[in-house]
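Trainee: Below is a structure I'd like to ask you about.
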Protein chains: 2
Amino acid sequence: MVRLNKEDYAHHLIELLNKNENHLFRESFLQLHPTDQAEYCINLEKEQRQTLYHMLDPEEMANVFQALDLHEQKDIILELDQPYASEMVTHLYTDDAADLLSQLNKSEAHALLKAMDLEDANDVYELMAYPPKTAGALMTKEFISLASSHNAQQAIEQLREEAPNAETIYYLYVVNEREQLVGVVSLRDLLTAQSNEVIQNLMSSRVVSVDSVTKQEEVAKIIKKYNFLAAPVVSSDGTLLGIVTVDDVIDVLEDEATEDLGEFTAARGATDIHVSAFTAAKLRSPWIVLLMFFGLLTAGVIEQFEETLNQIILLAAFIPLLMGSAGNAGTQSLAVVVRGLALGTLEKKGLLRTLFKEFCTGMMIGFICAMTLLLIIPIFYGSFMVAVVVGISIFCSLSVATIVGATVPLIIHKLKIDPAFASGPFITTVNDILGLLIYFTIATSLLHYL
Amino acid sequence: MVRLNKEDYAHHLIELLNKNENHLFRESFLQLHPTDQAEYCINLEKEQRQTLYHMLDPEEMANVFQALDLHEQKDIILELDQPYASEMVTHLYTDDAADLLSQLNKSEAHALLKAMDLEDANDVYELMAYPPKTAGALMTKEFISLASSHNAQQAIEQLREEAPNAETIYYLYVVNEREQLVGVVSLRDLLTAQSNEVIQNLMSSRVVSVDSVTKQEEVAKIIKKYNFLAAPVVSSDGTLLGIVTVDDVIDVLEDEATEDLGEFTAARGATDIHVSAFTAAKLRSPWIVLLMFFGLLTAGVIEQFEETLNQIILLAAFIPLLMGSAGNAGTQSLAVVVRGLALGTLEKKGLLRTLFKEFCTGMMIGFICAMTLLLIIPIFYGSFMVAVVVGISIFCSLSVATIVGATVPLIIHKLKIDPAFASGPFITTVNDILGLLIYFTIATSLLHYL
């Protein structure tokens, strides 16, 4: 058999679809990984997709559907006729169904829920009731739970039956008669055990679990820390409610990381690309305006030194350079410390040592910049004394800027206050004000030499 | 049995350790998850750790060891005596052993390799030879490969035998007689299959694999996209070489995300907290100096308008405010676009539409800022005309700044050139120069009204 590459295979599939070769199409299409099926589905023309829906049964379509992005799911569900859509939704994992239904309007969601069997619908309702971005909202109900009194053979039998509907079969959770989580067995241990070994003896009873109201970042951290494929979610009385799987956690981690970009750039909570310009302006302008008010402080500082500036107008030319350099040095330190906090490598190093190191780094970079400017400014701007003022200022302000850049996130971290205030723009503004004060103080005191 | 919390359990363990209660200690300690065992181990005093090494055999210690961070492993390995360390290393997964040995000096690494059996040592050598940050360097050799002619029952038998030494048993890779990857079976499908079903019929032959030289970010993207627990790594002729597991990939994703912070802040490749101040300065100063040279351009722009500035010295006071606001608006747009690119949501939206939207957002934010300043500047600085100049300038430069902030990363992305040039500081510098030109051009042309 000649193995086709991805593009040729897609082309081959479209031909079969257009010729309405039901049997051949299905055989080739169902060979694909659901992720590829979904990619293929979303790239079809709308009419071709209708043919696709006819060729796949709702259960097969559920596999395709689950691999789509949420906003793609929203579009596709509206293309399906009602009975087909309802049946498909019953084949979705409960977490996916809950995510989808919470995106639809009430009447659409209600119509789909009504068509589901009662138990499934209750599970979906339950998940939709958890606060967003918690373990409860992230988890799925399709887990496998064992009785501790069964033996390995019985457990494997149960597994064989339930495997097709479970989201993961690689961890098996052991519950008591009140559905409380008491242990966990990995499928690996179960397979390598003697068939008459009792689960009670196989399971690990010190099982790591998360609470249903635990924040999703916390869940992600635990799964990452323990290299888990899934983590069990329990209620306050220890009842096993569901599981969070590693693939959902990867999305959370990625989402958090790109959200951090927003925090770093005063675009906090406003980096979503799917909003209108008006909404974006509404979300983003408060940060810009707030920072502009801080900027007015810099105007105030400069105005205080109008006298100095009036005598040496050339001093104004180096304001952006000085502030830019201090800002960059400060955000470098910020990046180092934030990264250290994120990766957990900082705590172990000792905070004071880190601050001192950043200060030394700032002095060294400041020294290099000062020497460079002492060479360049006299050549291009003809004033050695201005070069001295700018040089000393850049040395001092870079040293200070690294301290500010490193200290602010540490304080934020210790006090657990809103980390937005540790973001680049705030630190830059603080450094701007300090830098200008240093600059004009030095300039004013050296005025009679200039 | 009373269930102890984590602190009490640790306390209980230390007591047993101090009393040298070998049997009881082992029973309690081995109940813990390796991640917790590692945390416990690293928090002990050095002498207590020596007792721990006596109580655990090298294989048990290997489990603890694997859960440590690389820099912790480096410290611990030097505490172990040579024969114990060598035996422990033979029980590590090959990827962990390779990572560790590449951190040690040559003679230490050589001594450990010599003590390993030839096959294991060869595997470790092989992994150490791959370029860093590639699939080859990330993968482990402990995978399970099946023959396509075996049946489900035989495969499960093989699995039972090999499971204890495999890094994951949840995907089983099917190879032909030349060790080439021809298919994959999930353990789930294997368990639910009839016992006499042949692997050939169970396996999926369209298996997604990565090349040994594929970059680790690429591998992470594929595993994330397909929700894989592991991905097979093949040589150029299709030979199965190893597997990359999802837990390694999470570390890669996290590492990349925090590295992005570096790119965003001109601290590229220099956010490692474990370097000396001197090294940090050496890595970070080139960016600061390079950006300072761009800053000299802003000095040049201001100098060109010295005449204007000489007449209205108050104009200098608003330079930082204007540039700061344009910089913030530009990095907001940058964050939106970078996030869109990272999450893959941007391509589907249409690039021109995104640019236009950012432009509209910039104009709206600019308008709000301009109105605010038109109110405030006359009150605090007594000049309505300066307020008009600053107001018009902030409106224009914010509109331009969003375009620059959104366009630069898109161009970078299209041209696949070094993304460092899309980082915040570069965009801010471009916006600084444009903002100053706008400001002083408007001021100069309105000069006779001022």
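Trainee: Residues with amide H under 5 Å of B:M116's amide H, sequence separation 5 or more or different chain, H placed in the peptide plane at 1.01 Å from N; which?
Mentor: none
Trainee: Obtain the radius of gyration and the Kirkwood radius of the protein assembly as shown from its C-alpha atoms and give Rg over Rh. Walk me through the intermediate numbers first.
Mentor: Numbers: Rg = 31.2 Å, Rh = 30.8 Å.
Rg/Rh: 1.01.
Trainee: Now, a different point. Along the Cα→Cβ direction, 7 angstrom out, place labels at A:S276 and A:L297. What is the inter-label distance in nm?
Mentor: Here the answer is 3.6 nm between the modelled labels.
Trainee: Just the C-alpha atoms of chain B: what Rg/Rh do they give, with Rh taken as the Kirkwood radius? If you can, show how the numbers build up before the last one.
Mentor: Working: Rg = 30.6 Å, Rh = 27.1 Å.
Rounded to two decimals, Rg/Rh equals 1.13.
Trainee: From the phi angles alone, apply the Karplus equation (6.51, -1.76, 1.60; θ = phi - 60°) to region A:396-411 and give each ³J(HN,Hα) in whole Hz, x where the residue is Gly or Pro.
Mentor: Calculated HN-Hα couplings, in order: 5, 6, 5, 4, 5, 4, 5, 5, 4, x, 8, 6, 4, x, 5, 5 Hz.
Trainee: Quick check: pseudo-label points 7 Å beyond the Cα along Cα→Cβ at B:M371 and B:S149, how many nm apart are they?
Mentor: Label-label distance for B:M371 and B:S149, simple model: 8.1 nm.
Trainee: Which cross-chain or sequence-distant (5 or more) residues have an amide H under 5 Å from the amide H of A:T214, H modelled 1.01 Å from N in plane?
Mentor: Amide H neighbours of A:T214: A:A135, A:G136.
Trainee: Let me check I have the definition right: for region A:145-260, take the eigenvalues of the Cα gyration tensor, multiply each by 5, take square roots. What are those semi-axes in whole Å, largest first? Could you put the intermediate results ahead of the total?
Mentor: On the way: eigenvalues 151, 46, 27 Å².
Taking √(5λ) for each Cα gyration eigenvalue gives 27, 15, 12 Å.
Trainee: Something else: Between A:D81 and A:A129, what is the spin-label point distance in nm, taking each point 7 Å from the Cα along the Cα→C-beta axis?
Mentor: 3.6 nm
Trainee: Once the Cβ-Cβ distance between A:S102 and A:I14 is put in as r, and R0 is 30 Å, what FRET efficiency do you end up with, to the nearest 0.05?
Mentor: On the way: r = 34 Å, r/R0 = 1.12.
FRET efficiency, A:S102 to A:I14: 0.35.
Trainee: Same structure, new question: Quick one: if you take sqrt(5λ) for each eigenvalue of the C-alpha gyration tensor of region A:6-129, what semi-axes come out, biggest first, whole angstrom?
Mentor: After scaling each eigenvalue by five and taking roots: 28, 13, 12 Å.
Trainee: Something else now. Using only helices, what value at 222 nm comes out for the protein assembly as shown when you add -39,500 (n - 2.57) per DSSP H run of length 4 or more and divide by the total residues, to the nearest 500 deg cm²/dmol?
Mentor: Numbers: 46 runs with 602 residues, N = 900.
Per the formula, -21000 deg cm²/dmol.
Trainee: Please list, in order along region B:29-43, the HN-Hα scalar couplings obtained from phi with the Karplus expression 6.51 cos²θ - 1.76 cosθ + 1.60 (θ = phi - 60°), rounded to whole Hz, x for Gly and Pro.
Mentor: Values, residue by residue: 5, 6, 5, 6, 5, x, 4, 6, 4, 5, 4, 4, 4, 6, 8 Hz.
Trainee: Which of rounded, prolate or oblate describes region B:277-449 when judged by the alpha-carbon gyration tensor and an a/c cut-off of 1.5?
Mentor: Details: a/c = 2.45, a/b = 1.39, b/c = 1.76.
Oblate is the answer for region B:277-449, as a/c is 1.5 or above yet b/c matches or exceeds a/b.
Trainee: Report, for A:E7, each distance to the same residue's label point in the other copies, shortest first and in nm; define the point 7 Å along Cα→Cβ.
Mentor: Here A:E7 shows inter-copy label distances of 6.2 nm.
Computed from the coordinates by the stated procedures, all read-outs in this text should not be read as laboratory data. Given the structure is predicted, the values throughout are model-derived calculations rather than measurements. Here the Cβ is made from the backbone with ideal geometry for all residues, glycine too, and neighbour counts use every protein chain on show.
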